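Structure, as structure tokens:
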Amino acid sequence: MNRIIIIAALSLIATFRCFHASAQTDELAQLALDIEKLSQFKQILSDMKAGYQVLEGGYNTVKDISKGNFSLHKAFLDGLLEVSPTVRNYYRVADIINGQLTLVKEYKNAYGRFKQDNNFSVDEIAYLGSVYDHLFKESLRNLDELLTVITAGKARMSDDERLQAIDRIYADMEDKLMFLRHFNNNTTILAVQRAKEKNDAQAVQQLYGLEH
């Protein structure tokens, strides 16, 4: 009986030792797993920190580049407000001004003659005056536009754009002069025809300087 008890006790001790050893093994395995997880977390935190540093550095770089680009852009735009000597000395500038002066001189001379001509009614003279007034105002608009193009700080344009604008204004002024001369010529022909009908052609020729 005692032998049986001793064997049973030894078996229990052996079982307990095995269980204890197994428990220790499990604890060691769990501890190793925890250490591995901790190492992984540290690596994740390290990667996150590095990523943040890259992101922050990239943001600062972009910000600096943006500032630089803005400065360059502003300098470019400010430069477009300047007018180079090439533009200021462009010969078409003087042509436009002279064209406007010529237009004013020619329309005033013609209008003065037409107002002295009895072959035109009051309403017709008023109509002629409205045509000349419109031409005059449009020629002033051309000069205002020219002033904008050749004055520094008025408009953001490159030299090529300014030169093209000047050419366009010149062509517009030339069109006005051509129209004025065509209009004056037709009005003079009308006056002569009416004078012939009244047998007063000689007076009209003297008025318009048409005598031979």
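The values are calculated or read from the model by the stated rules, or taken from the named source; none is laboratory data. Because the structure is a prediction, the values reported are computed rather than measured. Cβ: placed from backbone, ideal geometry, glycine included. Neighbour counts: every protein chain shown.
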Return the residues of region 140-158 that are under 15 Å from Thr86 (Cα atoms) and either in contact with a Pro (Cβ under 6 Å, 6 or more places away or on another chain) or touching a residue at least 60 places away in the same chain (Cβ under 8 Å) (or both); say none if nothing qualifies. Val149, Ile150, Thr151, Ala152, Met157, Ser158
Would you tally the residues in region 140-173 being part of a loop (DSSP other than H, G, I, E, B) and not basic (Lys, Arg)? 6
Given the condition more than 37 Å from the chain's Cα centre (by Cα), hydrophobic (A, V, I, L, M, F, W, C) and modelled with pLDDT of 95 or more, answer yes or no: does some residue in region 169-179 qualify? no
Of the numbered conditions (1) among the β-branched types (Val, Ile, Thr); (2) in contact with a Leu (Cβ under 9 Å, 6 or more places away or on another chain); (3) closer than 14 Å to Val93 by Cα, Thr188 fails exactly one; give the number of that condition. (3)
Tally time: how many residues in region 164-178 are more than 18 Å from Thr102 (Cβ to Cβ) and surrounded by 18 or more Cβ atoms within 10 Å (Cβ to Cβ)? 1
Taking Lys137 as the residue in question, decide whether it is farther than 19 Å from Asp172 by Cβ, among the charged types (D, E, K, R) and assigned to a helix (DSSP H, G or I). no
Residue by residue through region 115-135, note down the ones that are surrounded by 15 or more Cβ atoms within 10 Å (Cβ to Cβ), of a type in the set (Phe, Trp, Tyr) and either out of contact with any helix residue (DSSP H, G or I) (no Cβ under 7 Å at 6 or more places or on another chain) or within 12 Å of Phe183 (Cα to Cα) (or both). Tyr132
